[in-house]
Amino acid sequence: QGLQKAQTGAKEQLNKADQLYEEGKYTEAKKSYEQAKSMATSAGVELQYEDSRRLEKRLGELDKRIARAARDAAKDKFDIAVTLYQAGDYEKAKALFSEVQASGADIGFFKKRELNRYMARIDEDIQTGNARQQQAMYSLAQAETALTELKGADTAPLLGEDARAKLDQVQALLDSAAKSAQLLAAPDAKRLADQRALLNQISKTRQAEGEK
């Protein structure tokens with residue numbers, strides 16, 4: 001009875017390993033196959049011939065499948081990191097590049113060369129990106145202040161050249177912020193869009209007033 005119980009337990013573990021294998025969870029499947037084999041060996045029982053044959057066959061091929069899955073995952077992660085880098089999201093890109101590097105997966109000669117190139121420069125890019133982001137935020141704040149003055153001022157003092165100069169100043173500030181728009185957080189990007197809309201509205205209002 002004890003041997004039958006051990007054999008049943010090993011069979012259940014084998015079934016679990018088969019399910020993990022079919023789901024593509026190769027690392028977990030390998031552990032389960034090894035556990036099923038260990039359970040049978042420790043109890044001195046044998047699995048059915050077909051079960052034993054399948055177990056040994058899959059254990060023999062799982063290392064290759066695990067390596068292939070790790071390589072494919074690393075390549076996908078590398079491609080995502082490159083996309084993030086090109087969008088200026090250097091912090092997230094660095095995190096993914098680091099994961100790819102730490103995995104040790106074989107991503108190919110050219111991708112590995114590119115990975116090393118990105119890792120060599122990304123800290124500097126992060127610092128540059130932070131500086132650009134700070135400059136964009138400063139321009140945004142300056143534009144907001146100027147727009148508030150324009151919006152709240154009486155018409156007379158800001159007609160003609162004074163109004164035009166102020167509008168040009170705001171336009172230049174918003175253009176400066178827009179150059180680093182991809183580095184702005186979503187709320188700040190919305191502020192930039194709102195300020196552009198407000199500038200356009202004020203410009204049209206001033207133009208209409210000047211034509212009266």
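The values are calculated or read from the model by the stated rules, or taken from the named source; none is laboratory data. This is a predicted model, so every value here is computed, not measured. Heads up, the Cβs are rebuilt from the backbone with ideal geometry, glycines too, and the neighbour counts pull from every protein chain shown. In case anyone asks, the SASA skips ligands and DNA or RNA and just uses the protein heavy atoms, side chains included. Shrake-Rupley method; radii C 1.70, N 1.55, O 1.52, S 1.80 Å.
Brief remarks on what is shown
- Rounded to the nearest whole Hz, the Karplus-based 3J(HN,Hα) values (6.51 cos²θ - 1.76 cosθ + 1.60, θ = phi - 60°) of the stretch 34-46 follow the sequence 5, 5, 4, 5, 5, 4, 5, 5, 5, 8, x, 10, 10, with x at glycine and proline.
- The stretch 1-77: proportion of alpha-carbon pairs further apart than 17 angstrom, %: 44 percent
- Rel. contact order, % - alpha carbon contacts under 8 angstrom, at least six apart, the chain: 15 percent
- Accessible surface for the stretch 73-141, divided over its residues, is 61 Å² per residue with a 1.4 Å probe.
- Radius of gyration and maximum dimension Dmax of the stretch 47-146, Cα, Å: 21.9, 83
- Charge-dipole axis of the chain as Lys and Arg at +1 and Asp and Glu at -1 on Cβ define it, positive-most pick from GLN169, VAL45, LEU59: VAL45
- Solvent exposure, largest accessible area first (probe 1.4 Å, DNA, RNA and ligands not counted), of ARG54, ARG117: ARG117, ARG54
- Largest to smallest accessible area among THR205, THR83 [probe 1.4 Å]: THR83, THR205
- Computed over protein heavy atoms with a 1.4 Å probe, the carbon and sulfur contribution to the accessible area of the chain reaches 50%.
- The ellipsoid that matches the Cα gyration tensor of the chain has semi-axes, each √(5λ) in whole angstrom, of 67, 19, 12, with the longest given first.
- Among the listed pairs LYS30/LYS92; LYS25/LYS112; LYS16/LYS37, those whose Cα-Cα separation exceeds 21 Å are LYS30/LYS92; LYS25/LYS112.
- Full-extension gain in nm, ALA193 to PHE109, via 0.36 nm per residue minus C-alpha separation: 26.0 nm
- Cα centre as origin, Lys/Arg/Asp/Glu Cβ charges: the stretch 1-158 dipole, Debye: 720 debye
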